[in-house]
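Please read the structure below before turning to the comments.
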Amino acid sequence: MKVAIAADHAGLPLKAAMGHVIKSLGHEVLDLGAHEYDKDDDYPDFARYIGNAIQHGQAQRGILLCGSGVGASITANKMNGIRAAVCHDAYSAAQGVEHDDMNVLCLGSRIVGESLADALVRAFLAAKFSGEARHQRRLEKVLAIEKSG
């Protein structure tokens with residue numbers, strides 16, 4: 001699977017480590033920045049990069065890092081076809097994919113350390129959408145809301 005990863009200045013310290021985790025699992029990494037520290041960069045830009053990559057088929061999933069993960073999640077969810085969530089536990093990181101077809105994991109680098117982030121990324125990437133009737137029905141409702149604007 002191709003996994004896009006991006007971070008603003010607050011998420012930058014954790015981004016490189018998570019890129020290594022993704023590669024260690026046999027996935028391809030699409031690094032969308034930041035590539036150097038810039039205290040004035042903004043998380044919405046990196047959320048857009050991740051969203052665009054998924055929308056255009058350049059990546060199947062994304063990992064987006066900022067200070068809390070919240071702003072990145074809010075921004076990413078404004079984009080069609082993006083289902084992003086902040087997760088601070090492995091159950092939610094996996095269940096978000098299995099039940100909700102989540103395609104972007106948002107992490108707060110000021111909230112989770114490297115060890116927990118590693119576990120979250122592993123859970124997220126190992127999970128598959130169940131396709132169960134109840135989950136598919138709910139996803140279709142989410143998609144209808146997205147289309148209605």
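Here is how the numbers come out for the structure above:
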quantity	calculated
In the range 2-148, lysine pairs with alpha-carbon atoms under 30 angstrom apart (chain gap of 8 or more, or interchain)	20
Most mobile listed residue (I54, I22, I111) in the chain, GNM with C-alpha springs under 10 Å	I111
Karplus-derived 3J(HN,Hα), 6.51/-1.76/1.60, for each residue of the range 31-41, Hz, glycine and proline x	8, 9, x, 5, 9, 8, 5, 9, 4, 9, 6
Order by protection proxy (mean Cβ within 10 Å, highest first), peptides 62-69, 91-98	62-69, 91-98
Cleavage-rule hits, trypsin sites (Lys or Arg not before Pro), the range 13-90, DSSP coil, Cβ neighbours within 10 Å at most 11	K39
Per-residue Cβ neighbour rank within 10 angstrom, fewest leading, H99, H35	H35, H99
Degrees between helix 90-100 axis and first principal axis of the chain (Cα, 0 to 90, nearest 10)	40
Extension gain (nm, one decimal) between I111 and D89, 0.36 nm per residue minus Cα-Cα	6.8 nm
Potential extension, Q55-K23 segment - 0.36 nm per residue separation minus Cα distance	9.3 nm
FRET efficiency, 1/(1 + (r/R0)^6) with R0 35 Å, evaluated for A16 and E146 via beta carbons	0.60
Simple spin-label estimate for D40 and H135 in nanometres, 7 Å along Cα-Cβ	4.5
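Since every read-out is calculated from the coordinates, none of them should be taken as a lab result. Predicted model only: the values in this text are computed from it and were never measured. Cβ sites come from the backbone with ideal geometry, for glycine too, and all protein chains shown count toward neighbours.
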